Each structure stands twice: as C-alpha cells, then as structure tokens.
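Undergrad: Below are the structure tokens for one structure; questions will follow.
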Amino acid sequence: FGNGALRGLKVVVSAGPTYEDIDPVRFIGNRSSGKMGFAVAEAAVHAGAQVTLIAGPVGLPSPAGLRQRVDVRSAAQMHAAVLAASQDAQIYIAAAAVGDYRPAEVADHKIKKQAGADLTLQLAENPDILGSLSAQTVHPFLVGFAAETHDVAAYAQDKLKRKGLDMIAANQVGGGLGFEAADNALQLFWPGGSLSLARANKDELARQLVAQVAERYQAVRA
Ligand code: PMT
C-alpha cells in the first residue's frame, strides 16, 4: 500500500468518543476507542494525503506522518475543530462517535447525592457536525459512519440522504465488531452504489475504505 491515491489532497478524519461533562468529576461518553478513526487516518497518510486528525478523548498514539492532530473532549469542541480544519480540505471522514446530547447545564461543583431521591438530568441537543458541513455551499467530500444494532442498511441509506453525504460506511455493532473491538465489517453506500467490506481488522478495513473513498472522490470531484 502507499499507492498515492490521495496524493495532494487534504483529508480531515475524526475519531473516538466525545465526553459531555455533567460536573467536574462526571461525564456522559460512549464506547468508541478511536481505533477505527486512527486506522483511517493512517491509511489516508499512506495514500499520500495531508491528514488532520481530530481526536476525542482516547489513549492512542498518533499515526506517523500526520500533518496535525487536534485533541478535543466535547461534541461542541469537535464541531469547532472539524469546521476549522475542513475549510481547506477536500475530504472529511467522520469516524467519531459524537454525543447527540449534552447536559443542559454543567454543574460547577460535584453534584451531591440526595439519599432516597431520584435525579433527573436535562439534556440539550448537540450540533450535527456532518450536517453543518453539508449545509455549506462549498464543502469537502463527506464520508459518514453509521453504527447500528439492527436494520443497518436501511438506517445507513437514510443517513446518507438526510445528511447530504457522498458516502456512508455502516457497521453493525455487537458480536465482537464495531466499538472497542479489533475487527470490524463495513457496508459502504453512495448515491447509486454499494459495496460490502468483509470482516477484517480495522487497519485492513481502513485501507479498503480509503481506496473506495479515493475512487468515489475521483469519480465525482476530480
Ligand atoms: O472507535 P472504535 O472503538 O474503533 O469504534 C468505531 C466506531 C464503531 C465508533 C465507528 O466505526 C463508527 O461507526 N463511528 C460512528 C459512530 C456513530 O455514533 O454514528 P452515528 O450513527 O451516531 O452518527 C452518524 C454519523 O454522523 C457519524 O459519522 C458521526 O461522526 C456523525 N455525527 C454524529 C452526531 C453529530 N452530532 N455530528 C456528527 O457529525
């Protein structure tokens, strides 16, 4: 590998979870480890791209050869970082599992337990990063991910249309695949086509995904 399929292109990749703070010691997060997104960033570097990796809170070392890595915590921070990095990018690949909601208020002090009483957290909707990019008149080629537990293809095709994406990579989560796991399997959809990438480790799948992204990008943008 290292075929130069993305040579000369600026690619932004998001990876990992977001953490939405409740108070100074608690947060709402998710099970994303960042492995899939980091593998995609590395594969894009090997394909010759100048890669900016926007990483949520993960414990992973940067792939060699990145142009830039920006570490963020919340969905709002990831939104700002992705928008800034995407202004001069040709491709954005969104592998991050972004929290859809955040606590409406972040408490300044640790919330104290009130014995015998339930606690209700009010949640506010987070901005949709892919949605804000696709709403811009000029925007990069947009590749989304979809993590689903059932009806993977139907939900993915709906997200492809609704979010105005150029491609979506759908993964069924559970059964040793998806979040946290070493392996994954992907079903790719784009307007007018689809391709299944069989179960493999995330590095191998990332190479296959990046090859398909390069091919579709050349078909519609070059
Ligand atoms: O990190 P790993 O442990 O390796 O696991 C990989 C993964 C399962 C997290 C990854 O392969 C994956 O599927 N990532 C997307 C997970 C997800 O939460 O998808 P979603 O259906 O909630 O969101 C769909 C798409 O919209 C995603 O590209 C997401 O980045 C994007 N999104 C979501 C919410 C939001 N506010 N803004 C967004 O841009």
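Undergrad: Filter segment 182-219 down to residues that are of a type in the set (A, V, I, L, M) and touching a strand residue (DSSP E or B) at 6+ places or on another chain (Cβ under 7 Å), then give me how many there are.
TA: Total satisfying the criteria: 11.
Undergrad: Does L60 meet the test of being among the hydrophobic types (A, V, I, L, M, F, W, C), assigned to a loop (DSSP other than H, G, I, E, B), over 16 Å from T18 (Cβ atoms) and out of contact with any Cys (no Cβ under 8 Å at 6 or more places or on another chain)?
TA: no
Undergrad: While we're on this one: Before we move on, is L177 closer than 22 Å to S14 by Cβ and of a type outside the set (D, E)?
TA: yes
Undergrad: Among strands (runs of 3 or more DSSP E) lying entirely in segment 66-148, which contain 1 or more residues that are modelled with pLDDT under 95, closer than 23 Å to F189 by Cα and within 16 Å of the ligand (Cβ to nearest atom)?
TA: 141-148
Undergrad: So, one more: From the list L160, L165, pick out the single residue that is of a type outside the set (D, E), outside any loop (DSSP other than H, G, I, E, B) and at pLDDT 90 or above.
TA: Among L160, L165, only L160 is of a type outside the set (D, E), outside any loop (DSSP other than H, G, I, E, B) and at pLDDT 90 or above.
Undergrad: While we're here: Collect the residues in segment 13-41 that are within 9 Å of the ligand (Cβ to nearest atom) and assigned to a loop (DSSP other than H, G, I, E, B), keeping them in residue-number order.
TA: If the condition is that a residue be within 9 Å of the ligand (Cβ to nearest atom) and assigned to a loop (DSSP other than H, G, I, E, B), then G16, T18, N30, R31, S32, S33, G34 are the ones that fit.
Undergrad: Cβ-Cβ below 7 Å, separation at least six or inter-chain, first residue in segment 48-65 and more than 12 Å from M78 (Cβ to Cβ), second in a loop (DSSP other than H, G, I, E, B) and among the basic types (K, R): which pairs?
TA: Listed by first residue and then by second, the contacts come to G48/R7; Q50/R67; V51/R67; T52/R67.
Undergrad: Any residue in segment 151-173 that is in contact with a helix residue (DSSP H, G or I) (Cβ under 6 Å, 6 or more places away or on another chain), of a type in the set (G, A, S) and more than 19 Å from A39 (Cα to Cα)?
TA: Yes - at least one qualifying residue is present in segment 151-173.
Undergrad: With the structure loaded, tell me whether A117 is more than 13 Å from the chain's Cα centre (by Cα) and under 21 Å from R69 (Cβ atoms) or whether it fails that test.
TA: So A117 does not fit the description; no.
The values are calculated or read from the model by the stated rules, or taken from the named source; none is laboratory data. The model shown is predicted, which means the values in this text are computed figures rather than measured ones. FYI the Cβ positions are ideal-geometry reconstructions off the backbone, even for glycines, and counts take in every protein chain you see.
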